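**Student:** Have a look at this one.
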Amino acid sequence: MNRSDLRIALFSGNYNYTRDGANQALNRLVGSLLDLGAAVRVYAPIVREPDFEPTGDLVGLPNFPFPMKGRGDYRMPAGLNRTVRADLEKFQPNIIHLSSPDPSGHAAQRWAQNYDIPVLASVHTKFESYAHYYKLGFLEPLIVRTLRRFYNRCDALVAPSQSMIDELLAKKMHDDISLWSRGVDRTVFNSERRDLSWRRSLGLADDDVAIVFLGRLVMEKGLDVFAETIFQLRKRQVPHKVLVIGDGPASDWFKEALPGGIFAGFKTGPDLGQALASGDVFYNPSVTETFGNVTLEAMACGLPVVAASATGASSLVNHGVTGQLVPLRKGKAPDSTGLAEAIAPYCTDPALRMAHGRAGEGRSFEYSWEAINKVVADTYVRLIEDRRALQERETAEAAS
């Protein structure tokens, strides 16, 4: 079959109501699929004032506020109601794409099984690691078992980094996992976006070294580890400033934990590229990422990266060449002392900072959205052709 014959029903827990790396990747995927001539229908929660307009046709899923402190701006999809089921039957998809193991994802999986339609799941988040940040670590084994059951009921998975694929294989989540990496928009993210006037407007001198945090301000992004690391740098009197780009439920907590930090707020498009390129060192302590879009964007802007050696970052950052990777402690975030030691040389050695930043920007050229998204389209085609071949064999065997 051709890619233009695809009819994809894509299920997402958050397609556009709050902006994050996962849903931006999904929107870019849908745009690429539509350009290939495929038909796409997206099923996700709809809110009155989303962060951005969705790409493609969006059908609302029943939902309720996420039942966890600090996550009230997120919605939990609550299965498939009659309206959604009727829309699915009218659309007649030949492939189901699930991007979140939520109640609607489970229901869509069962719907696909009833209609003998193949299912692809994309892995965007290490959901099991969230338990640690919400003091529910005792639930992690149960979450892993639930995820294993969900993913193994799919026909195949796609994941954004080889390190994430390796972890999924080790946890027996599936044995058919393809690499769906992430791209970067170099018209937005590049070193030429650096703006000294913008820096000065925030109180940053031209020779200040600004350590950047970029992302949604939620605790699972490692905000506590970031703040502890900055405390260690200040304790050692390492010269630096802190530049935070983003907003979120934990904003007040982060501001209190980082006295003197510069909070630039939420940015998007060219403004985001300008803000990021105007920093000097990118620091990503998160261990929940499966890829780390912000890490790639920082590399494209010419910033050396210091990150926890977790899935995602370990596939992007070339240790000692484009930045530093700090080992985890029994699967958890590195201690702040080790992270501070990795960051400190960039604050005092401009030549090192420039060399690693240039190397990272050079590597970012390897990530093209067009080529990356065709991998997913080709995986859809393979799964559909495999299912049709199986159906034909079963029909032939029944006839004989």
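**Student:** For the stretch 53-70: of the residues being at pLDDT 95 or above and hydrophobic (A, V, I, L, M, F, W, C), which is nearest to Ser100 (Cα to Cα)?
**Tutor:** If we take residues in the stretch 53-70 being at pLDDT 95 or above and hydrophobic (A, V, I, L, M, F, W, C), then Leu61 is nearest to Ser100 (Cα to Cα).
**Student:** If you don't mind, there's one more thing I want to ask. Report, by residue number, each residue of the stretch 251-295 that is crowded, with 16+ Cβ neighbours inside 10 Å and among the β-branched types (Val, Ile, Thr).
**Tutor:** Ile262, Val281, Val287, Thr288, Thr290, Val294, Thr295
**Student:** From the list Arg149, Arg145, which residue is open to solvent by 50 Å² or more (accessible area, probe 1.4 Å), at negative phi and either at pLDDT 95 or above or outside any helix (DSSP H, G or I) (or both)? Give the steps one after another, and end with the answer.
**Tutor:** Numbers: Arg145 fails: either at pLDDT 95 or above or outside any helix (DSSP H, G or I) (or both).
Exactly one residue qualifies, and that residue is Arg149.
Yes/no matrix, rows are residues, columns are (1) open to solvent by less than 70 Å² (accessible area, probe 1.4 Å); (2) without any contact (Cβ under 8 Å) to a residue 60 or more places away in the chain; (3) under 29 Å from Val30 (Cβ atoms); (4) not polar (S, T, N, Q):
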site: Ser181; (1), (2), (3), (4): yes, no, yes, no
site: Val184; (1), (2), (3), (4): yes, no, yes, yes
site: Phe189; (1), (2), (3), (4): yes, no, yes, yes
site: Arg200; (1), (2), (3), (4): no, yes, no, yes
site: Asp206; (1), (2), (3), (4): no, yes, no, yes
site: Val209; (1), (2), (3), (4): yes, no, no, yes
site: Gly222; (1), (2), (3), (4): yes, no, no, yes
site: Gln232; (1), (2), (3), (4): yes, no, no, no
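**Student:** How do the helices (runs of 4 or more DSSP H) wholly within the stretch 279-359 filter down when requiring 2 or more residues that are closer than 27 Å to Ser178 by Cα and under 23 Å from the mean Cα position of the chain (by Cα): which remain?
**Tutor:** 293-300, 313-316
**Student:** Would you call Pro77 open to solvent by 10 Å² or more (accessible area, probe 1.4 Å) and either under 30 Å from Trp253 (Cβ atoms) or without any contact (Cβ under 8 Å) to a residue 60 or more places away in the chain (or both)?
**Tutor:** Considered against the rule, which asks whether it is open to solvent by 10 Å² or more (accessible area, probe 1.4 Å) and either under 30 Å from Trp253 (Cβ atoms) or without any contact (Cβ under 8 Å) to a residue 60 or more places away in the chain (or both), Pro77 comes out as no.
**Student:** Further question: How many of the residues making up the stretch 167-179 are farther than 23 Å from Gln24 by Cα, in contact (Cβ under 8 Å) with a residue 12 or more places away in the chain and open to solvent by 10 Å² or more (accessible area, probe 1.4 Å)?
**Tutor:** Counting residues in the stretch 167-179 that are farther than 23 Å from Gln24 by Cα, in contact (Cβ under 8 Å) with a residue 12 or more places away in the chain and open to solvent by 10 Å² or more (accessible area, probe 1.4 Å) gives 5.
The values are calculated or read from the model by the stated rules, or taken from the named source; none is laboratory data. Keep in mind it's a predicted model, so treat the numbers as computed, not measured. No Cβ is skipped: glycine too gets one built from the backbone with ideal geometry, and neighbour counts run over all protein chains shown. Note: accessible area is taken over every heavy atom of the protein model, side chains too, but ligands, DNA and RNA are not part of it. Shrake-Rupley method; radii C 1.70, N 1.55, O 1.52, S 1.80 Å.
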